[in-house]
Amino acid sequence: MPTVTTSTTGTESPWFRRFHRTAVNPRARLVCFHSAGGNANQFRSWPGLLPLDLDVLAVQPPGRQDRIGEPVVDRMDDLVSLVVAELLPLTDLPLVLFGHSMGAAVAHEVAARLEDEHDVRVPLLLVSGRAGPGRTRPRGLAYADDETLLADVSRLSQLDRALFADPDLREVVLPSIRGDYRLVETYRAPVGRTVEAPIVAYTGAADPVVRVEDVREWATATSSRFEMRVFDGGHSYLVPQEAALVADVRVRIDRALG
C-alpha cells in the first residue's frame with residue numbers, strides 16, 4: 001500500500017484524517033464514514049478528486065491503524081456520541097456526511113444526533129451500500145469463526161484473502177472487524193424517524209447483500225428531498241466507480257450549498 005501523508009491542520013483530534021492536502025478557504029466539510037472492517041484510508045484519494053474549498057475528513061475510530069492500541073467501539077450509540085463530540089467544534093462550517101455500508105448507518109445517526117440534541121442541521125446526507133431503516137437483514141456473522149468473518153470482509157470489500165494469511169496481521173485486524181460487525185448487528189434504526197437533511201442514496205446494481213429496492217427506503221428517513229443513483233458493480237462498487245461517484249458527490253454538494 002502506498003505511503004499516505006496526512007494533515008490535521010485545524011484539529012488535533014485523533015478521530016479524523018485529512019489526506020494529502022489542506023482545504024483553502026473551505027465552504028463546507030465533507031465527513032466520510034468507512035464500512036465495517038475498514039478504516040479512514042478508504043477515502044485517501046477523495047480529496048484529490050474534490051475542489052480545495054471542501055475540507056475532506058475521514059473518520060478513524062479506535063482499534064485500527066494508528067489507533068490500534070485503543071479499545072474498539074462496538075455499539076452504535078457509543079460511537080455516535082464520540083463522533084458527535086469531536087464534530088461539534090467543527091460546526092463553524094456546514095457538515096456534509098457520507099457513509100458507506102456500516103458508515104451509512106453511522107452517518108445517519110450522527111446527522112440525527114446533531115439535529116436533535118445540538119440544533120446543527122446537516123445540509124446533505126449521502127448514504128451508500130446500505131438498506132434504508134427497517135429494511136436491513138442481520139446476517140449473524142458477528143460471532144462467526146475467524147475464517148467465515150474474514151471471508152465475508154474479503155468478498156464485500158474485494159480484498160485479496162492472502163492479506164489475511166499472515167497470523168500477526170490477522171491478530172491485529174480481527175478485533176476491529178469483529179467489533180464493527182457487532183455494531184452493525186446489534187443496531188436497529190428507529191423506523192419512522194426522519195432527519196431534515198436531504199438524502200442521496202447510492203448503491204451497486206449487483207450488490208449481493210443489499211437490494212436496490214431496499215436502498216430506496218432511505219426516502220422514508222428524510223422530511224426533505226430524496227434522490228438515488230445506482231452504479232454498476234457490487235457492494236464495493238465505489239472502488240472501480242470512484243471517479244464517477246466522487247464527481248456525483250461534488251455536484252450534489254454544490255446544489256445543497258447553493
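The values are calculated or read from the model by the stated rules, or taken from the named source; none is laboratory data. Small disclaimer: the values here were computed from a predicted structure and weren't measured. Positions of Cβ are generated from backbone atoms using ideal geometry, with glycine treated the same way; all protein chains shown enter the neighbour counts.
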Item to check | Filter result (assigned to a loop (DSSP other than H, G, I, E, B), under 18 Å from the mean Cα position of the chain (by Cα) and either charged (D, E, K, R) or within 20 Å of Val172 (Cβ to Cβ) (or both)) within region 38-53 | outcome: Gly38, Asn39, Arg44
Next on the checklist: Yes or no: region 13-30 includes at least one residue that is under 28 Å from Val230 (Cα atoms), modelled with pLDDT of 95 or more and in a helix (DSSP H, G or I).
Outcome noted: no
Checklist entry - Taking Ala206, is it assigned to a loop (DSSP other than H, G, I, E, B), among the small types (Gly, Ala, Ser) and modelled with pLDDT under 95? => result no
Next on the checklist: If I ask for residues that are over 18 Å from Arg225 (Cα atoms) and surrounded by fewer than 24 Cβ atoms within 10 Å (Cβ to Cβ), which ones from region 121-136 would you list?
Outcome noted: Gly134, Arg135, Thr136
Next on the checklist: Condition check: crowded, with 24+ Cβ neighbours inside 10 Å and of a type in the set (S, T, N, Q). Does Ser45 satisfy that?
Outcome noted: no
Next on the checklist: I'd like the residue in region 54-82 that is in a helix (DSSP H, G or I) and in contact with an Asp or Glu (Cβ under 9 Å, 6 or more places away or on another chain) and, out of all such residues, is surrounded by the most Cβ atoms within 10 Å (Cβ to Cβ).
Outcome noted: Leu79
Checklist entry - Do we have Val209 as within 19 Å of Val106 (Cα to Cα), among the hydrophobic types (A, V, I, L, M, F, W, C) and buried (at least 19 other Cβ atoms within 10 Å of the Cβ) here? => result no
Item to check | Cross-chain or 6+ apart pairs with Cβ under 6 Å, region 88-104 first and under 19 Å from Asn25 (Cα atoms), then assigned to a strand (DSSP E or B) and among the small types (Gly, Ala, Ser) | outcome: Leu93/Ala28; Pro94/Ala28; Val96/Ala28
Next on the checklist: Suppose we filter region 84-111 for residues that are part of a helix (DSSP H, G or I) and either touching a Pro at 6+ places or on another chain (Cβ under 8 Å) or at pLDDT below 95 (or both); how many remain?
Outcome noted: 1
Next on the checklist: Can you pull out every residue in region 201-241 that is closer than 24 Å to Pro190 by Cα and of a type in the set (Gly, Ala, Ser)?
Outcome noted: Ala201, Ala219, Ala221, Ser223, Ser224
Next on the checklist: Quick check on region 232-246. Is at least one of its residues touching an Asp or Glu at 6+ places or on another chain (Cβ under 9 Å), part of a strand (DSSP E or B), among the aromatic types (Phe, Trp, Tyr) and modelled with pLDDT of 95 or more?
Outcome noted: no
Next on the checklist: Being in contact with a helix residue (DSSP H, G or I) (Cβ under 8 Å, 6 or more places away or on another chain) and either on the phi < 0 side of the Ramachandran plot or surrounded by fewer than 15 Cβ atoms within 10 Å (Cβ to Cβ) (or both) is the requirement here; does Thr220 meet it?
Outcome noted: no
